[in-house]
Amino acid sequence: MAMPIFLHYGEAGVAPSFSVLLGEDPRRFQMVDRVPQTYGKHTRFDPLFHFFALPVIMLSVIVTVVHCLHRRNWFSMWLVIFSIAILVVTMKARLYATKLQDRIIRMEEQQRLYGLLPETLRARIGELSEAQLVGLRFASDAELPGLLEDTLAKKLSTAQIKKSIKVWRPDYFRV
């Protein structure tokens, strides 16, 4: 008889491991060392991307350019073109991921605003830019209506919105 597999993601949304599937406590696998987020501490780095892949690719571009300057031939020029293409693909992949996250955040925040705002402010949700919605996602439910009014009245930027937030609502899932 096959044993059913139930995936339990726990409170923090952490994916299960095989140990969880075998019956161990799923809370053991949650990220317990999360640092409270603020304006100054909300950016995230992906170590494999920011500190390994990107520097290696950028260094490769520099090395191929230097190589091409010392040995001018078709193959050296091709290596420069190829390494630049790899850098462009890497940056575009990162850009696509963050743009997709911004679109998802926009949908989530529009739904959240619709549920939290009074009718008079609901009609103005469409006036917010995508960047403003992305900034508003960090605001607590209690301060969101007032911050939305300020954002629309003063045309606040994402950074200005984030600096205005008093009670920070963390986003630990951003890539």
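Determine the pairs where a residue that is more than 13 Å from R174 (Cα to Cα), located within the stretch 85-109, has a partner that is among the charged types (D, E, K, R) and in a helix (DSSP H, G or I) with Cβ atoms under 6 Å apart, the partner being 6 or more residues away or on another chain.
Pairs that qualify, where the first residue is more than 13 Å from R174 (Cα to Cα) and the partner is among the charged types (D, E, K, R) and in a helix (DSSP H, G or I), are R106/E130.
Taking the condition part of a helix (DSSP H, G or I), at pLDDT 95 or above and closer than 25 Å to L54 by Cβ, does I105 pass?
no
Kindly indicate whether any position in the stretch 130-139 is in a loop (DSSP other than H, G, I, E, B) and either among the polar types (S, T, N, Q) or exposed (fewer than 11 other Cβ atoms within 10 Å of the Cβ) (or both).
No.
Filter the stretch 122-175 down to residues that are β-branched (V, I, T) and either out of contact with any helix residue (DSSP H, G or I) (no Cβ under 8 Å at 6 or more places or on another chain) or closer than 18 Å to Q101 by Cβ (or both), then give me how many there are.
Residues meeting the conditions: 5.
From L113, L95, which residue is outside any loop (DSSP other than H, G, I, E, B) and exposed (fewer than 15 other Cβ atoms within 10 Å of the Cβ)?
Only one candidate passes the filter, namely L95.
Restricting the search to the stretch 140-153, which residues are in a helix (DSSP H, G or I) and in contact (Cβ under 8 Å) with a residue 24 or more places away in the chain?
As a first pass, look at the stretch 140-153 and keep what is in a helix (DSSP H, G or I): 144-153.
Those that are in a helix (DSSP H, G or I) and in contact (Cβ under 8 Å) with a residue 24 or more places away in the chain: L144, P145, L148, E149, L152.
Is there a residue being acidic (D, E) and either farther than 25 Å from T43 by Cβ or in contact with a Cys (Cβ under 6 Å, 6 or more places away or on another chain) (or both) anywhere in the stretch 82-104?
No, the conditions are met nowhere in the stretch 82-104.
The values are calculated or read from the model by the stated rules, or taken from the named source; none is laboratory data. It should be emphasised that the depicted structure is a prediction, and the values quoted were computed from it without experimental measurement. No Cβ is skipped: glycine too gets one built from the backbone with ideal geometry, and neighbour counts run over all protein chains shown.
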